[in-house]
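> Just dropping this structure here.
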Amino acid sequence: MTETLTGRLWSSVEHIYQGVLEHPFVTGLTDGSLPAESFRHYIVQDAHYLRGYARALAVCAAKAPTEQDTVMFAVHAAGAVAAEQDMHAELMSELGSSPAEAAAEPVAPTTRAYLSYLLATTYGGSFAEGLGAVLPCYWIYARVGDELLARSSPNKLYARWIEMYGGEEFQTVVNDVLALTDRVGATLSPTEADRVTEHFVTTSRYEWMFWDAGLRREAWPI
């Protein structure tokens with residue numbers, strides 16, 4: 001039986017995903033031990049990130065192979081902006097801050113590097129390469145949300161975050177993108193599949209780095 005592209009991709013990052021699950025930021029969400037300052041830093045950087053991620057999804061929409069795929073990514077791009085505006089505004093309020101204050105804070109090194117890679121790949125590469133680059137943000141969050149949902153968190157703010165990514169609505173969105181990935185994967189040459197895998201592994205590493213930067217409250221050293 002021929003391996004699907006999603007099967008190949010996930011096999012390539014299982015060790016990274018395990019590192020995500022074991023990271024103190026993620027374990028701190030579930031047991032409530034994550035410092036509020038680290039969560040706030042993460043939310044601020046996530047707001048910065050989602051603005052750029054929405055642009056990357058819009059590029060995927062423009063390059064998508066069918067009209068239906070174009071509509072899907074356009075809707076997801078709009079959803080990323082809505083999440084930044086609505087969810088983050090609510091979370092920032094709970095953390096005693098505001099979206100305006102968050103927007104004024106610097107984009108941290110890992111956030112900028114991750115976005116630069118995403119945008120360079122989606123603009124400069126093929127649709128399949130761009131898909132490989134944006135996919136970890138969908139898939140890893142869905143897997144983490146599903147993994148943590150059963151345990152939730154004693155911290156109501158963290159529990160709300162877990163419920164959003166572990167919920168059925170987000171899982172349905174991700175399943176649609178995975179189905180497209182396998183459909184596109186069936187058309188790729190071995191060389192093209194290698195490039196997609198390389199981008200997928202790279203941005204999966206950035207996902208781990210993003211949580212690590214949140215825990216450390218990463219700032220520019222100079």
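> If I fit a long axis through the Cα atoms of helix 36-63 and take the longest principal axis of the Cα atoms of the chain, what angle between them do I get, 0 to 90°, rounded to 10?
The helix 36-63 is inclined about 20 degrees to the chain.
> Something else: Determine the sum of side-chain charges near Asp146: Lys and Arg each +1, Asp and Glu each -1, restricted to other residues whose C-beta is under 15 angstrom from that of Asp146.
Its environment carries a net charge of -2.
> Over what distance in Å are the Cα centres of region 181-217 and region 1-67 separated?
10
> Near Lys63, within a Cβ-to-Cβ distance under 10 Å, what is the net charge of the other residues, with Lys and Arg +1 and Asp and Glu -1?
Net of charged neighbours comes to -2.
> With unit charges on the beta carbons (Lys and Arg positive, Asp and Glu negative) and the dipole taken about the Cα centre of the chain, which residue among Met72, Leu119, Ala150 sits farthest to the positive side?
Of the listed residues, the answer is Leu119.
> Report the extension gain between Glu67 and Met164 in nm, rounded to one decimal, defined as 0.36 nm multiplied by the number of residues separating them, less their alpha carbon distance.
So the chain would gain 32.1 nm between Glu67 and Met164.
> Kirkwood hydrodynamic radius, region 11-95, all distinct C-alpha pairs: what's the number in Å? Don't skip to the answer; put the middle values down first.
Values: mean 1/r = 0.0673 Å⁻¹.
Across region 11-95, the inverse of the average 1/r is 14.9 Å.
> Where Rh is the Kirkwood radius over the Cα pairs of region 5-216, the temperature 20 °C and the viscosity 1.002 mPa s, what D in µm²/s does Stokes-Einstein return?
Working: Rh = 17.4 Å.
Stokes-Einstein gives a translational diffusion coefficient of 123 µm²/s.
> So, with +1 on the Cβ of K and R and -1 on the Cβ of D and E, and no other charges, what is the size of the charge dipole of region 18-176 about its Cα centre, to the nearest 20 debye? Display every interim value, and only then the final one.
Numbers: 9 positive and 19 negative charges, 71 e Å.
Computed charge dipole of region 18-176: roughly 340 debye.
> Now for a separate question. With axes computed from alpha carbons, what is the tilt in degrees of helix 156-166 against the longest principal axis of the chain, rounded to the nearest 10 within 0 to 90?
10
> In whole angstrom, and with the biggest value first, how far do the Cα coordinates of region 64-142 range along each principal axis?
44, 28, 21
> Treat every Asp and Glu Cβ in region 139-222 as -1 and every Lys and Arg Cβ as +1, leave all other atoms uncharged, and give the resulting dipole magnitude about the Cα centre to the nearest 20 debye.
So the magnitude is around 380 debye.
> Once every DSSP H run of n ≥ 4 in the chain is given -39500 (n - 2.57) and the sum is divided by its residues, what mean residue ellipticity at 222 nm do you get, rounded to the nearest 500 deg cm²/dmol?
-28000 deg cm²/dmol
> Considering only the other residues whose Cβ falls under 14 Å of the Cβ of Leu5, what net charge follows from Lys and Arg at +1 and Asp and Glu at -1? Provide the component values of the computation, followed by the final result.
Numbers: positive: Arg8, Arg183, Arg195; negative: Glu3, Glu129, Asp182, Glu192, Asp194, Glu198.
Net local charge, Leu5 excluded: -3.
Quick note: the coordinates plus some simple rules give every number you see, no bench work behind them. Bear in mind that the values here come from a model prediction, so they are computed numbers and not experimental data. Quick reminder, even Gly has a Cβ in these numbers, built from the backbone with ideal geometry, and neighbours come from all protein chains shown.
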